[in-house]
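Enquirer: Could you have a look at this structure, given as structure tokens, before my questions?
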Amino acid sequence: MSVTSVTPVDPSAVRAAAQAALNDRLAHIDTIVTAQNDRAAAADEVRAAQAREAALAAAETAAFRAAVAGGWTVTELRKAGLSVPDSVARPSKRAARTTGGRGRGADTASGRPRDTTAPAVETTDDAARTAVDESSAA
């Protein structure tokens, strides 16, 4: 039987070598944790930005609807250089029924509500009818 020689080991040197190996491996864990936290923060920012964009889009649509209700046409708004949202340019059939269709105060030519505050403008047909009515009344 042979005797193996055993040399004394410096415990602090062994511990230092093991600690260095762990530190190298833990650096990867630190990198992963940082990346996951950064990604989570970015995802929160994206959600907040999407919510803000949705709120601003709703405000934009409401402003366009108010402009149309105030007398602007989609064509006029586009000619002014504005990008009119599809929901304003092509209202749903349900919206068209509830905002006043023919016979309910709507201008049948444009589909927009009639402006009852503006003075009536006589057309040539109206003027002809008025002239006939006045001559028959005399």
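Readers should treat all values here as calculations from the given coordinates under stated rules, not as data from a laboratory. Computed from a predicted structure; not experimentally measured. FYI the Cβ positions are ideal-geometry reconstructions off the backbone, even for glycines, and counts take in every protein chain you see.
Enquirer: State the extension gain, in nm to one decimal, for the chain segment bounded by A18 and A49, taking 0.36 nm per residue of separation less the distance between their alpha-carbons.
Expert: Details: separation 31, 0.36 × 31 = 11.16 nm, distance 4.67 nm.
Taking A18 through A49 to full extension adds about 6.5 nm, to one decimal.
Enquirer: Quick one: divide the alpha-carbon radius of gyration of segment 1-67 by 2.2 N^0.38 Å and tell me what you get. Intermediate values should be presented prior to the final figure.
Expert: Details: Rg = 29.7 Å, N = 67, 2.2 N^0.38 = 10.9 Å.
Rounded to two decimals, the normalised Rg is 2.73.
Enquirer: Label T34 and D86 with points 7 Å out from Cα along Cα→Cβ: what is the distance between them in nm?
Expert: So the two model labels end up 4.4 nm from each other.
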